[in-house]
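Novice: Would you mind keeping the following structure in view while I ask a few things?
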Amino acid sequence: MFTGIVEELGEVVAVEQLADAARVTVRGPRVTADAGHGDSIAVNGVCLTVTDSSDKTFSADVMAETLRRTGLGGLAPGSPVNLERPVQLGGRLGGHLVQGHTDGTGIILARTPSAHWDVVRIAMPPELARYIVAKGSVTVDGVSLTVSALSGPGPEPWFEVSLIPTTLEMTTLGRLAPGSRVNLEVDVIAKYVESLLASAPPGDQPAAAGPAGAQS
């Protein structure tokens with residue numbers, strides 16, 4: 001489990017293509033300081049398992065399905081990546097609950113810079129639109145962000161996020177241009193609520209709220 005608070009901006013140093021996977025080696029001195037075989041590290045929001053670590057780098061095998069469904073398939077030597085180790089039990093939850101399981105990818109549509117932040121508009125798959133709400137949380141390339149605006153109903157939904165200087169400086173989101181592909185993970189709580197409501201017997205469905213002060 002992660003929080004979406006990027007610890008380090010790492011760099012891909014090698015990508016080895018395998019028969020049905022790829023082995024990615026990433027430089028990240030901070031996240032590898034205590035990393036061992038079998039540990040988890042989120043790379044651009046995708047939870048990967050460390051297969052080897054040495055000299056401030058770690059390697060992980062990425063399955064073909066993950067390469068296809070996320071932006072990791074586009075990584076090459078020199079690519080910057082957002083890195084985060086799992087949250088420790090009892091630690092601060094600075095962002096929100098993030099699993100490292102990408103729900104889909106989005107495309108950056110536009111960037112609007114201002115004096116103190118950038119507003120970034122991101123197109124999202126229509127099937128994810130119902131999980132994203134104004135002022136709610138969303139993970140973009142492993143970064144926990146607050147949704148600042150949403151498109152109306154339609155076949156090409158989008159959302160906007162506002163990026164502060166720290167986010168622009170310390171993550172890949174400060175470098176991505178319109179047209180870039182990003183990994184998206186919606187709030188897992190929304191998915192659990194939807195699943196529970198869908199499977200609940202009719203009599204267990206929550207009743208609509210009545211007027212203020214009304215009693216049943």
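Novice: Mind jotting down the distance between the C-alpha centroids of segment 1-79 and segment 86-125, whole Å?
Specialist: So the two Cα centres are separated by 18 Å.
Novice: Highest GNM mean-square fluctuation, the chain, Cα pairs closer than 10 Å: which of R85, R181, R130?
Specialist: Greatest mean-square fluctuation among the candidates belongs to R130.
Novice: I'd like the per residue volume of the convex hull spanned by the Cα atoms of the chain, given in cubic angstrom.
Specialist: Details: hull volume 38.9 nm³, N = 216.
Spread over its residues, the Cα hull of the chain gives 180 Å³ apiece.
Novice: Would you pull out the residues with amide H under 5 Å of D52's amide H, same chain only if 5 or more places away, H placed 1.01 Å from N?
Specialist: Result for D52 returns S59.
Novice: Here's another thing I want to ask about it. Under a plain spin-label model, where a point goes 7 Å from the Cα along Cα-to-Cβ, how far apart in nm are V119 and A14?
Specialist: 4.6
Novice: Measure nothing fancy, just the Cα-based angle from helix 188-199's long axis to the longest principal axis of the chain, in degrees from 0 to 90, nearest 10.
Specialist: Taking the Cα atoms of the chain, the angle to 188-199 is about 50 degrees.
Novice: Amide H neighbours of G136 under 5 Å, at least 5 residues apart or on other chains, H built in the peptide plane: list them.
Specialist: Long-range HN contacts for G136: V147.
Novice: Turning to a different aspect of this structure: Apply 1/(1 + (r/R0)^6) to the Cβ-Cβ distance of A76 and H101, taking R0 = 22 Å, and write down the FRET efficiency to the nearest 0.05.
Specialist: Working: r = 24 Å, r/R0 = 1.08.
For A76 and H101, the calculated efficiency is 0.40.
Novice: Assign one of three labels to segment 11-111, namely rounded, prolate or oblate, based on the Cα gyration tensor with a ≥ b ≥ c the square roots of its eigenvalues; rounded applies when a/c is under 1.5, prolate when it is not and a/b is larger than b/c, and oblate otherwise. Write out the running numbers ahead of the final one.
Specialist: Values: a/c = 1.55, a/b = 1.06, b/c = 1.46.
In terms of gyration-tensor shape, oblate.
Novice: Would you please give the FRET efficiency between S199 and E156, computed as 1/(1 + (r/R0)^6) with r the Cβ-Cβ distance and R0 = 35 Å, to the nearest 0.05?
Specialist: That gives a FRET efficiency of 0.70.
Novice: Taking 0.36 nm per intervening residue step and subtracting the Cα-Cα distance, what contour gain separates E169 from D61 on full extension? Don't skip to the answer; put the middle values down first.
Specialist: Working: separation 108, 0.36 × 108 = 38.88 nm, distance 2.82 nm.
Here the answer is 36.1 nm.
Novice: 222 nm [θ] for the chain, helices only, -39500 (n - 2.57) per DSSP H run of 4+, per residue, to 500?
Specialist: -3000 deg cm²/dmol
Novice: Using 0.36 nm times the number of residues separating K191 and D34, minus their current alpha carbon distance, what extension gain do you get?
Specialist: Values: separation 157, 0.36 × 157 = 56.52 nm, distance 3.26 nm.
Net length gain for the segment: 53.3 nm.
Novice: Rounding to the nearest 20 debye, state how big the charge dipole of the chain is about its Cα centre with +1 on each Lys and Arg Cβ and -1 on each Asp and Glu Cβ. Mind dumping the intermediate values first?
Specialist: On the way: 15 positive and 23 negative charges, 85 e Å.
Value, rounded to 20: 400 debye.
Novice: Now for a separate question. Could you give me D for segment 104-199, from Stokes-Einstein at 37 °C and 0.692 mPa s, where the hydrodynamic radius is the Kirkwood radius over C-alpha pairs? Units µm² s⁻¹, please.
Specialist: Numbers: Rh = 13.7 Å.
It comes out at roughly 239 µm²/s.
Novice: Comparing A190, A177, A200, which has the greatest mean-square fluctuation in the GNM of the chain with Cα pairs linked when under 10 Å apart?
Specialist: Of A190, A177, A200, the Gaussian network model singles out A200 as fluctuating most.
Novice: Who wins for biggest fluctuation among T172, T112, T49 in a Gaussian network model of the chain, springs between alpha carbons below 10 Å?
Specialist: Residue with maximal mean-square fluctuation among T172, T112, T49: T112.
Novice: Stretched out fully, how many nm does the piece from A21 to L89 gain, at 0.36 nm a residue minus the Cα gap? Please list the in-between numbers first.
Specialist: Values: separation 68, 0.36 × 68 = 24.48 nm, distance 3.19 nm.
Answer, rounded to one decimal: 21.3 nm.
Novice: Tell me the label-point distance for the pair K135, R68, using the 7 Å Cα-to-Cβ offset, in nm and rounded to one decimal.
Specialist: Here the answer is 4.1 nm between the modelled labels.
Novice: Non-local amide H neighbours of V6 (under 5 Å, H modeled in plane, Pro and chain starts lacking H): which ones?
Specialist: It is S144, by chain and number.
None of the figures in this text is laboratory data; all of them are computed from the coordinates on show. Computed from a predicted model, the values in this text were never measured in an experiment. Note that we place each Cβ from the backbone using ideal geometry, even for glycine, and neighbour counts take in every protein chain shown.
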